[in-house]
Amino acid sequence: MAALEDILEQLESYRLYALDWDTWGAAPFAPEHVDHAVRIAQLLGDYADLMHVSPYNGRVQLELRHAGRFAELDIVADGAVYVLSGTQDPLTFHQGDDQEDTPASDEELLRLARWVHGDGDGGD
């Protein structure tokens, strides 16, 4: 698992992505988009050993995985964060707030990180 410094370095590299970086015509990441992703990674920094980040379909996806639990955070250009969380055994999913596409608050993101880590409930 990556340390926070590695995660932040990877996120900073997204600033260098040029037009068509994915060979499917993707636009470069706006500096503000990367700034939002860096802020979320720093917010969840205590859980950096559970994190994986990747560029995905014009968004930054930050995943937290541990002991069969996961939370996938889609960070969009305006800074909103949309969440898909669940368990792998049995496979269950929970998206957003009451199944709506409502951006997650910082408090909800921290609660999810604690849940993935096993420090509390909150994944579903």
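What follows is calculated from the coordinates using simple rules that are stated; it is not laboratory data. Worth saying up front: this structure is predicted, and the values here are computed from it rather than measured. As a convention, Cβ positions derive from the backbone with ideal geometry for all residues, glycine included, and neighbour counts pool all protein chains shown.
When 72, 5 are ordered from fewest to most other Cβ atoms inside 10 Å of their Cβ, what list results?
5, 72
Could you check the simple spin-label distance between residue 39 and residue 3, using points 7 Å along Cα→Cβ, in nm with one decimal?
Between residue 39 and residue 3, the label points sit 2.7 nm apart.
Mind checking the full-extension length gain between residue 30 and residue 57? Use 0.36 nm per residue of separation minus the Cα-Cα distance, one decimal, nm.
8.3 nm
Along Cα→Cβ, 7 Å out, is where each label goes; now give me the distance between the ones at residue 22 and residue 76 in nm to one decimal.
About 1.5 nm separates the two model spin labels.
Using only the alpha-carbon atoms of region 4-117, report the extent along each of the three principal axes, biggest first, to the nearest angstrom.
Principal extents (largest minus smallest coordinate, Cα): 39, 29, 24 Å.
Sequence gap at least 6, Cα distance under 8 Å: using those rules, report the relative contact order of region 4-117 to the nearest whole percent.
Here the relative contact order equals 20 percent.
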